[in-house]
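Asker: Quick one: the structure is below, questions incoming.
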Amino acid sequence: MDKRLDQNIQVLEGEFPQWLVRATGVTKAFGEGHTKIPVLKGVDLEVARGEVLLLVGPSGSGKTTLLSVIAGILDADDGDVTILGETIRDFSPAEKTRFRRDHLGFIFQQYHLLPTLTAAENAAVPLLIRGVSKQEAVARAEEVLRTVGMGGRLAALPTKLSGGEQQRVAIARALVGEPQLLLCDEPTASLDAETGHRIVGQIRENGKKPDRAVIIVTHDSRIFEFGDRIVHMDDGQVHQIQQGPEAFN
Amino acid sequence: MVFRRISFWLALGGVLLTIATLWGGNKKAMAPPPAEPPPISPSPVTVAASGIIEAVNENVRIAPPVSGLVTTVYVVVADRVKKGDPLFQLDDRELRAQLRTKTDSLPPAAARIAEQDIHLKDVQDQLRRLQAVKDRRAVSQDDVQRKWHEVEAAKRSLIRARADLQLAQTQRDEVEALLHRLTVRAPRDGTILQVDIRAGEYAMVNALDPLILLGDTETLQVRADIDEVNAPQVVPGSAAVAYLKGYTDKSIPLTFDRIEPYIVPKRSLTGDNRERVDTRVLQIIYQFERPSFPVYVGQQVDVFIERSGEGSSMRDRSMSEHGASSPDPSRSGSQPEEVR
Amino acid sequence: MNFVALKMLFGDRAKYLMLLAGLTFSTMLIVQQGSIFWGLMTWSMSGITNVNAPIWVTDPNINQVEEIKPLADTAVTRVRSVPGVKWAVPLYKGVQRARLRDGNFEQIALVGIDPSTLIGRPHTIMEGKIEDLRAPEAVAVDQLGVERLGGPDKVFVGATFEINDHRARIVAIVKTQKSFQNFPFVYMTYERALSITPAERRKLSYVLVSPMEGVPTEQLVRRIRKETGLGAYTEEQFGWKTIGWILKNTGIGVNFGTTVLLGFVVGMAIAGQTFYLFTVENLKQFGALKAIGASTGMLARMILLQSFTVGVIGYGVGVGLATLFGLTVGSGGRLPFKETWPLLVGVFVALLMICSLSSVISIRKLAKLEPAVVFRG
């Protein structure tokens, strides 16, 4: 499994340019007829390899929709999204699912851990979906959990964990499959400031690799410091692109 | 996950309990074997009948010649009697008295013959003497003539006296014969099957039940009743076997004797003669050798008779086909085919 | 992912309990109702099953076993004359009145069996010897008779009572299957039964027949019908004929059919709905899995695994409870309760089908589920 992933990466590195995700002219509207509300109005965005990109903006600015389109969960009405040289639009639903499984990692605002599984088992889920045996998957998940500082709570159920701990399990789950692209949707929104800060720090610490990219959707300005670039969105369009911590320092 | 284990074991237990209960409770009780083997047809193709064992000569229902008081019964049930053996005695005192009177009337009659004989001889002598006298004057012709008449009369008297004796003897013989009749005797050899009279009882001439039932139990026969529906399937000469009720491991081979030409209403086994009968039966008489085990007159038997047009003898078939596979369908075809 | 599916199922104790309870209850309801129905039918057939003969011959227009249309005596020999008949013996059946020593009357089902072979006698003899039936005045009574005629104190081997003003001496206590009319069975010999029952033109109720080895029962039945013009049935045919008559001519068919059907529908609705609710409640979890990359097929397999697992377990527990009910409440034949394989298998299949159906509905919902719900939420 690892080997196959590595091979993929090597092939991709050889063939493709610096950017990992490129969105061009993406539009998306919800509803029909009179009630049709345009959410994305032609978004162009590139995400480079090795980059942590923050997608910020007020509620309803379309940042989560953009994230969903990039993840292949929502289809864009128009425009193209290319990830790792693959055009998402060309995929069948099954291929999209498989693509997500093999190349993407997710962190959600509500964690979405399975309540009946232990921390280690939750973190192992992406590997289990790929068909890795339970024993091996859990062993790998435990390793990753240790790197995010959850080595002591491997057998705990999510209900016994604090929000921060749950989100760390979610980070482990997102990272266990070694995805090329990590997508985080408001990872700090349900956490207090201090924990949120630490969590995003961990996302950056563990997710930032030279050949990978991280996209974090947030409206929490306190974590802007973790972004290499900060993309401001408003009313369905890219409003402004800032460079990372330097811009603040 | 502990929970899973508990529910899993509960489910397994429930299923096992159900299977065990079903296995125990729903096992179809096997039919108990017949207590005695039932009568089984020796051949697949037979006509079955119910039969009764009876004496070859139909039983004799002994009745008195006249009504009268029974004084002595000489026999008990199961006695073997020869022809002429006395069975019972009716009251004969009256006839015996008559006999004595009649007997006593014989000597006077005989004496009267002797008397007439002497008288005849006397008058014959007198006549001879008168005729010997040649002198017509000494003896008148008239005297001779009268004497001759006297002789003739004496001759007739003697004849009448003889006839009187004959009559008296005959009368005595008649009484004797009547007397003899009061002793009821066996009309033929046989066994006493039933005695329904005791000394002191009054025997009626036209009683419904016989006083004594005499039968010949040495040579027996079977009377088989066949439902008239099955009657066409039996031809004269068909072989048959019989089984005693409840004793079916040994069969009694039967030989055909005759078919009663008249179809009779079936007598019901309940013996209730108020019953109306709607079944009529063909009766076939079969003879058989007395088997090694005891059989009795009146015993019921199950009879299996070979069907008409079924060829070889029954015993051959029972040898070759007993326990064999299903009968040839062509043979068990429709009834019209089989009725010849 | 099977492991994940099972953990989802078993992990939430409350939901699992509810789900299991729903399935258990519906299984129990259906099995219990069905078993009582079948028990009643077994009672109605008891007149046949107690006698246990392969072929029954009687009037061609008979409807059911308790409806006696007597034959002429010669029917026995006529049937014996049919090729392929191994044996044929007479049987008397009729409802008579027994008078107890205390003067009370009790209806009894009188059975007269062939005295020499005793064919038609009950299978289980609890006390005494059935062979003693051949003795004068001898009868055998069943366990219900013991109860009805005054209890074990008054009814024992050697005790006497009266049937139609004739003395009856008990020589055996036997075990029988209860009958629909709930009259106790009393056995005596055929001839004795004829002699103590009121005069009738014909008295032979049935001729019991066995085929020769190698002769198929059905074939012989057809042949007996053709050759004698009498009605002949295999034990099974006669049983079904009786059941059919009872279903058609008494309210039992409609009443119980409705009850069983309602039990079935209600049970299945509960089972289906509980499981559907279970998946709907877990929809968010499935959505997360879908977003992470689980295909719809994989999720469908998980749901099917869950529904079959809980279905099988619920079935097992439900059937076990129904059996326990039968063993306790229905013990001693007080309640017509009889489970049968077809019922159990049928309920199992129906339950799995309902589980599949609710799974399919859940899966359809899942297939339409936009994994986008996992963002925000």
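Computed from the coordinates by the stated procedures, all read-outs in this text should not be read as laboratory data. These figures come from a predicted structure and were not determined experimentally. FYI the Cβ positions are ideal-geometry reconstructions off the backbone, even for glycines, and counts take in every protein chain you see.
Asker: Taking θ as phi - 60°, what are the ³J(HN,Hα) couplings along the stretch C:106-120 by the Karplus curve (6.51, -1.76, 1.60), each to the nearest whole Hz, with x for Gly and Pro?
Answerer: Calculated HN-Hα couplings, in order: 8, 6, 10, 9, 8, 10, x, 10, 4, x, 7, 8, 6, 5, x Hz.
Asker: Straight-line reach from C:Lys7: which lysines have a Cα under 26 Å away, not including same-chain ones fewer than 8 places off?
Answerer: Cα-Cα hits under 26 Å: A:Lys134, A:Lys160, C:Lys15, C:Lys284, C:Lys290, C:Lys365, C:Lys368.
Asker: While we're looking at this one, here's another question. Using the Cα centre of the protein assembly as shown as origin and beta-carbon charges of +1 (Lys, Arg) and -1 (Asp, Glu), tell me which of C:Ala291, C:Thr176, B:Gln233 is placed farthest towards the positive end of the dipole.
Answerer: It is B:Gln233, whose Cα lies furthest towards the positive end.
Asker: For the stretch C:325-377, with the dipole built from +1 on Lys and Arg beta-carbon atoms and -1 on Asp and Glu ones, taken about the Cα centre, which of C:Val349, C:Leu366, C:Leu335 lies farthest toward the positive end?
Answerer: C:Leu366
Asker: Which one, A:Ala71, A:Ala123, A:Val81, is farthest towards the positive end of the dipole of the stretch A:33-140 when Lys and Arg carry +1 and Asp and Glu -1 on their Cβ?
Answerer: Ranked along the dipole, the leading option is A:Ala123.
Asker: How high is the relative contact order of the stretch B:37-107, in percent, counting Cα pairs under 8 Å that sit 6 or more residues apart?
Answerer: Averaging sequence separation for qualifying contacts and normalising by length gives 24 percent for the stretch B:37-107.
Asker: Let me ask something else. Give me a comma-separated list of calculated 3J(HN,Hα) values for the stretch C:292-305, in order, Karplus coefficients 6.51, -1.76, 1.60 applied at θ = phi - 60°, integers in Hz, x for any Gly or Pro.
Answerer: Going residue by residue, I get 5, x, 6, 6, 4, x, 5, 5, 4, 4, 4, 5, 4, 4 Hz, with x marking Gly and Pro.
Asker: So if I place +1 on the C-beta of Lys and Arg and -1 on the C-beta of Asp and Glu, and nothing else carries charge, what would the dipole magnitude of the protein assembly as shown be about its Cα centre? I want it in debye, nearest 20.
Answerer: So the magnitude is around 1540 debye.
Asker: Across peptide A:112-125, how many C-beta atoms of other chains are within 10 Å of each residue C-beta, on average?
Answerer: Neighbouring Cβ atoms belonging to other protein chains average 5 per residue here.
Asker: Something else about it: Place a +1 charge on the Cβ of each Lys and Arg in chain C and a -1 charge on the Cβ of each Asp and Glu, then give the dipole magnitude about the Cα centre in debye, rounded to the nearest 20.
Answerer: 1020 debye
Asker: Right, here's the next one. Per residue of the stretch C:219-231, what does 6.51 cos²θ - 1.76 cosθ + 1.60 with θ = phi - 60° give for ³J(HN,Hα)? Whole Hz please, x for Gly and Pro, Karplus curve as stated.
Answerer: Whole-Hz 3J(HN,Hα) from phi for the stretch C:219-231: 5, 5, 4, 5, 5, 4, 4, 6, 7, 9, x, 8, x.
Asker: Can you pull the percent of Cα pairs in the stretch C:72-229 with separation above 26 Å?
Answerer: 31 percent
Asker: Would chain C count as rounded, prolate or oblate if I go by the C-alpha gyration tensor, calling it rounded below 1.5 in a/c and otherwise prolate when a/b exceeds b/c, oblate otherwise?
Answerer: It comes out prolate by the Cα gyration axes.
Asker: Rank-order C:125-136, A:52-63 by packing density, defined as the average count of other C-beta atoms within 10 Å over each peptide's residues, highest first.
Answerer: A:52-63, C:125-136
Asker: Right, next: Of the listed peptides C:88-99, A:116-127, B:185-196, B:159-170, what is their order by residue-averaged count of other C-beta atoms within 10 Å, with the highest listed first?
Answerer: Output ranking for C:88-99, A:116-127, B:185-196, B:159-170: A:116-127, C:88-99, B:185-196, B:159-170.
Asker: Still on this structure, I have one more. What is the mean number of Cβ atoms from other protein chains located within 10 Å of the Cβ atom of each residue in peptide C:7-16, rounded to a whole number?
Answerer: Taking the mean over all residues of the peptide, I get 4.
Asker: Averaged across C:46-59, how many Cβ atoms of other chains sit within 10 Å of each residue's Cβ atom?
Answerer: 1
Asker: Using helices alone, what [θ] at 222 nm do you get for chain C, with -39,500 (n - 2.57) per DSSP H run of 4 or more residues, divided over all residues and rounded to the nearest 500?
Answerer: So the helix-based figure for chain C works out to -17500 deg cm²/dmol.
Asker: Give the peptides A:221-234, C:303-316, B:57-70 in descending order of average Cβ contacts within 10 Å, highest first.
Answerer: Ranking the peptides A:221-234, C:303-316, B:57-70 by packing returns C:303-316, A:221-234, B:57-70.
Asker: Can you compute the modelled spin-label distance between C:Arg222 and B:His149, with each label point 7 Å from Cα toward Cβ, in nm?
Answerer: About 11.5 nm separates the two model spin labels.
Asker: Also, I was wondering about something else. Checking the cross-link filter: which lysines have an alpha carbon closer than 20 Å to that of A:Lys41, excluding same-chain neighbours under 8 positions apart?
Answerer: In chain and number order, the partners are A:Lys28, A:Lys63.
Asker: Further question on the same structure: Lys pairs in the stretch C:72-229, Cα-Cα under 20 Å, at least 8 apart or on separate chains: how many?
Answerer: 7
Asker: For a quick check, take a GNM of chain A with Cα springs below 10 Å and name the residue from A:His34, A:His197, A:His112 with the largest mean-square fluctuation.
Answerer: Of A:His34, A:His197, A:His112, the Gaussian network model singles out A:His34 as fluctuating most.
Asker: Another one. Based solely on its DSSP helices, what 222 nm [θ] is calculated for chain A when runs of n ≥ 4 H residues each add -39,500 (n - 2.57) and the sum is averaged over all residues, nearest 500 deg cm²/dmol?
Answerer: Taking each H run of at least 4 residues, the total per residue is -11500 deg cm²/dmol.
Asker: Roughly how many debye, to the nearest 20, is the charge dipole of the stretch C:72-229 about its Cα centre, given +1 on each Lys and Arg Cβ, -1 on each Asp and Glu Cβ, and no other charges?
Answerer: 540 debye
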